[in-house]
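Participant: I am attaching a structure below and will ask some questions about it afterwards.
Values in this text are rule-based calculations from the coordinates and carry no lab data. Only a predicted model underlies this, so the values are computations on that prediction, with no experimental measurement involved. Positions of Cβ are backbone-derived with ideal geometry, glycine not excepted, and every protein chain shown enters the neighbour counts.
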Amino acid sequence: MLKEVRSRFSGAKNLTKEDIFYYVYGLLHSPDYRTRFADDLRKSLPRIPITEHVDDFMAFSKAGRALAGLHLHYENHAHEAGVQVEEDRRATEDEYAYYTVEKMRFPSKGNRSTIIYNARITIEDIPEEAYDYVVNGKSAIEWIMERYAVTTDKKSGIKNDPNLWSREHGKPRYILDLLLSIIYVSLETQRIVATLPKQTF
């Protein structure tokens with residue numbers, strides 16, 4: 001593919017395989033691309049068209065690099081979420097008990113601006129566009145809410161408690177920080193995707 005790209009863009013001999021890798025990552029996030037190749041993406045491996053202009057190619061590559069960095073280091077953004085975390089802290093309460101989650105939920109149907117984390121912690125002022133970052137048909141935020149819940153298998157009776165990982169690794173805030181990070185990553189992903197060049201493919 002490197003030869004093909006270099007031959008497409010005269011004067012772009014400095015393009016690298018890394019540039020192409022990030023171009024592909026950026027392209028796969030393009031709403032235009034996803035719409036145009038929606039049927040193909042469901043049935044087979046993705047087709048990778050090359051843009052007509054080198055400036056568009058490099059814009060996709062730059063955005064893809066930013067997206068890859070964001071998604072690889074998704075756990076590092078808890079303090080950048082820009083939302084309000086309301087806490088009812090009891091001074092004597094054990095840290096692990098304080099951050100324990102049973103099942104996160106929204107306060108009411110149609111209101112996703114707030115997530116009730118547990119009886120003591122509420123996350124507020126979540127922009128609706130944070131839910132536009134969708135993974136396998138569901139927003140990334142709602143995946144976290146669903147997966148990080150205490151459940152019991154009906155057949156075996158085995159209890160799945162995500163809080164145990166927090167205890168085993170000495171990170172009482174882990175699930176809360178993960179949720180906050182995913183809120184930030186979702187918003188930032190949408191911001192970067194909005195900068196991608198429009199394409200007809």
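Participant: So for HIS29, HIS53, fewest C-beta neighbours within 10 Å to most, what's the order?
Facilitator: HIS53, HIS29
Participant: Mind running the shape call on the chain? Use the C-alpha gyration tensor, a ≥ b ≥ c as the square roots of the eigenvalues: rounded below 1.5 for a/c, prolate if a/b tops b/c, oblate otherwise.
Facilitator: Verdict is prolate for the chain.
Participant: Shifting gears a bit: Select from PRO49, ALA59, ALA140 the residue farthest towards the positive end of the dipole of the chain; place +1 on Cβ of Lys and Arg, -1 on Cβ of Asp and Glu, and compute about the Cα centre.
Facilitator: PRO49
Participant: Please report the relative contact order for the stretch 80-191, taking Cα pairs under 8 Å with a sequence separation of at least 6, and give it as a percent rounded to a whole number.
Facilitator: Once divided by the residue count of the stretch 80-191, the mean separation gives 30 percent.
Participant: Sticking with this one: Could you put ILE192, ILE183 in order, starting from the residue whose Cβ has the fewest other Cβ atoms within 10 Å?
Facilitator: ILE192, ILE183
Participant: If each of LYS198 and ASP32 carries a label point 7 Å out from its Cα toward its Cβ, how far apart are those two points in nm?
Facilitator: For LYS198 paired with ASP32, the spin-label model returns 0.8 nm.
Participant: Still on this structure, please answer the following. Counting only complete DSSP H runs, which helices of the chain cover 27 Å or more along their long axis at the Cα atoms and score a mean Kyte-Doolittle of -0.5 or above?
Facilitator: 174-193
Participant: I've got another one for you. Based only on other Cβ atoms within 10 Å, what is the fewest-to-most ordering of TYR174, TYR96?
Facilitator: TYR96, TYR174
Participant: What shape does the stretch 80-191 have by the C-alpha gyration tensor, where a ≥ b ≥ c are the square roots of the eigenvalues, rounded means a/c under 1.5, and otherwise prolate means a/b greater than b/c and oblate the rest?
Facilitator: It is oblate, given that a/c is not under 1.5 and a/b is not larger than b/c.
Participant: Averaging sequence separations of C-alpha pairs under 8 Å and six or more residues apart, then dividing by the length of the stretch 1-139, give the relative contact order as a whole percent.
Facilitator: 18 percent
Participant: Enumerate lysine pairs in the chain that are 8 or more residues apart or on different chains, then count those whose Cα atoms are under 14 Å apart.
Facilitator: Number of lysine pairs found: 4.
Participant: With the dipole of the stretch 80-191 worked out from charges on the C-beta (+1 for Lys and Arg, -1 for Asp and Glu) around the Cα centre, which of LEU178, MET104, ILE121 lies farthest toward the positive end?
Facilitator: Projecting each Cα onto the dipole axis, the largest value belongs to MET104.
Participant: Would you work out the charge dipole size for the stretch 116-201 about its Cα centre, treating the Cβ of every Lys and Arg as +1 and the Cβ of every Asp and Glu as -1, and quote it to the nearest 20 debye?
Facilitator: Using only the charged Cβ atoms, the result is roughly 380 debye.
Participant: Which FRET efficiency value, to the nearest 0.05, do you get for ASP56 and MET1 by plugging their Cβ-Cβ distance into 1/(1 + (r/R0)^6) with R0 = 22 Å?
Facilitator: 0.85
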